[in-house]
């Protein structure tokens, strides 16, 4: 494809490698993009993202043809439809909110498909007192803290992200105490990465 006629959704590791980037989990903004692209000369959207389920969800909502990078989130893959069905039976009045990286079958069972920030907003706005949550289990603490009058039920206690859990208070303390480690990025990569971030922020306004 010719340069300039492709919109690329990179993962976090590839932002400096692309001229047009939109690292956003807001499906409404992605859908807006698809609308703006109609008749604009852009060709099928190419996605370089390691989360195939999320991309499939975006594709179903935008109607844009996408080339999927085969992959999945090892945390959300542990959230399976059977768990959701069981909890819906146990809590019939509960609302179900899940992350778009979940199985399509799980998404089909949900009342809301939201980013983590979207989940926090929804939890505060909904009248539902019971909410079934399908995403990384760490969000449950925040949801309960911000909404003490509501009950949050994780779909799976096994939905734990090992990479997130590498960061803890002890390591943060060490980093602040020693001001280390220092991450140095070559200027050439800095320029490319900043360009991608700037475009992402511009699109998101």
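Here's the yes/no breakdown for (1) touching a helix residue (DSSP H, G or I) at 6+ places or on another chain (Cβ under 8 Å); (2) surrounded by 14 or more Cβ atoms within 10 Å (Cβ to Cβ); (3) at pLDDT 95 or above:
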| position | (1), (2), (3) |
| --- | --- |
| 133 | yes, yes, yes |
| 145 | no, no, yes |
| 148 | no, no, yes |
| 153 | yes, yes, yes |
| 156 | yes, yes, yes |
| 162 | no, no, no |
| 169 | no, no, no |
| 173 | no, no, yes |
| 199 | no, yes, no |
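Residues that are closer than 20 Å to residue 81 by Cβ and touching a residue at least 40 places away in the same chain (Cβ under 8 Å) within region 115-166 comprise 132, 134, 135, 136, 153, 155, 156, 158, 159, 160, listed in sequence order.
Return a yes/no flag: does region 102-111 have any residue that is in contact (Cβ under 8 Å) with a residue 60 or more places away in the chain, buried (at least 17 other Cβ atoms within 10 Å of the Cβ) and assigned by TED's automatic domain parsing to the domain that holds residue 145.
Our first condition is that a residue be in contact (Cβ under 8 Å) with a residue 60 or more places away in the chain; within region 102-111, this holds for none.
Within region 102-111 (the criterion being in contact (Cβ under 8 Å) with a residue 60 or more places away in the chain, buried (at least 17 other Cβ atoms within 10 Å of the Cβ) and assigned by TED's automatic domain parsing to the domain that holds residue 145), the answer is no, since none of the residues qualifies.
Just one of the numbered conditions (1) modelled with pLDDT of 95 or more; (2) outside the structural domain of residue 94 (by TED's automatic domain parsing); (3) under 24 Å from the mean Cα position of the chain (by Cα) is not true of residue 140: (2).
The values are calculated or read from the model by the stated rules, or taken from the named source; none is laboratory data. Everything numeric here is computed off the predicted structure, so don't read it as measured data. When we count neighbours, we look across all protein chains shown, and the Cβ atoms used for this are built from the backbone with ideal geometry, even at glycine.
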